[in-house]
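K.L.:
One structure is given below, represented as structure tokens, and several questions about it will come after.
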Amino acid sequence: MSISIVINAAVAHEANNGRWSYDAFCCADRDCREAREGEVTFTPDGWRIVPTKEILAISDRRILDSQDHHIHICQYRDSNTAQLRTRCLYLPQAQT
């Protein structure tokens with residue numbers, strides 16, 4: 001009898017500038033990128049992810065410090081609804 005074990009480990013990947021890496025729990029080696037201009041906006045209710053219409057409250061644990069001066073977003077496609085969802089949002093430290 002033989003037993004096989006498969007381990008799926010999350011792997012962090014580098015931000016576009018190559019100077020820092022996204023947290024492993026935020027991405028699967030492809031899900032994070034620098035946000036496009038206007039894609040993330042601040043509202044009185046929190047940070048709005050324009051394409052998905054999500055609002056992340058200022059206290060949301062998915063909001064993390066960006067290690068550069070850019071906003072980065074990590075998203076995945078929900079397997080039940082096929083809709084894009086935000087896993088992590090990296091904001092420049094002055095904005096968190």
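The values are calculated or read from the model by the stated rules, or taken from the named source; none is laboratory data. Just so we're clear, the structure is a prediction, and the values are computed from it rather than from any experiment. Heads up, the Cβs are rebuilt from the backbone with ideal geometry, glycines too, and the neighbour counts pull from every protein chain shown.
K.L.:
For residues that are β-branched (Val, Ile, Thr) and touching a strand residue (DSSP E or B) at 6+ places or on another chain (Cβ under 6 Å), tally how many sit in segment 65-83. Quick ask: steps written out before the conclusion?
P.N.:
Narrowing segment 65-83 to residues β-branched (Val, Ile, Thr): 71, 73, 81.
From the residues that got through so far, the ones that are touching a strand residue (DSSP E or B) at 6+ places or on another chain (Cβ under 6 Å) too are 71, 73.
Within segment 65-83, residues that are β-branched (Val, Ile, Thr) and touching a strand residue (DSSP E or B) at 6+ places or on another chain (Cβ under 6 Å) number 2.
K.L.:
Next up: Please work out which residue is surrounded by the most Cβ atoms within 10 Å (Cβ to Cβ), limiting yourself to segment 19-34 and to residues that are in a loop (DSSP other than H, G, I, E, B) and touching a residue at least 60 places away in the same chain (Cβ under 8 Å). Talk me through it step by step, then tell me what you get.
P.N.:
Applying the first criterion (in a loop (DSSP other than H, G, I, E, B)) to segment 19-34 yields 19-20, 22-23, 27-31.
Narrowing the set further to residues that are touching a residue at least 60 places away in the same chain (Cβ under 8 Å) leaves 22-23, 27.
On the way: Tyr22: 24, Asp23: 14, Cys27: 22.
Across segment 19-34, the extreme among qualifying residues is Tyr22.
K.L.:
Could you give every pair whose Cβ atoms fall below 8 Å, whose first residue belongs to segment 35-59 and is without any contact (Cβ under 8 Å) to a residue 24 or more places away in the chain and over 17 Å from Arg87 (Cβ atoms), and whose second residue is outside any loop (DSSP other than H, G, I, E, B) and β-branched (Val, Ile, Thr), counting only separations of at least 6 or pairs across chains?
P.N.:
Thr43/Ile55; Asp45/Ile55
K.L.:
For Tyr76, state whether it is part of a strand (DSSP E or B), on the phi < 0 side of the Ramachandran plot, modelled with pLDDT under 95 and not basic (Lys, Arg). Spell out the reasoning first.
P.N.:
Values: part of a strand (DSSP E or B): yes; on the phi < 0 side of the Ramachandran plot: yes; modelled with pLDDT under 95: yes; not basic (Lys, Arg): yes.
Judged against the criteria, Tyr76 is a match.
K.L.:
Which of the following residues is among the charged types (D, E, K, R), more than 14 Å from the chain's Cα centre (by Cα) and on the phi < 0 side of the Ramachandran plot: Glu54, Glu37? Before the answer, list the steps.
P.N.:
Working: Glu54 fails: more than 14 Å from the chain's Cα centre (by Cα).
Testing whether each residue is among the charged types (D, E, K, R), more than 14 Å from the chain's Cα centre (by Cα) and on the phi < 0 side of the Ramachandran plot leaves just Glu37.
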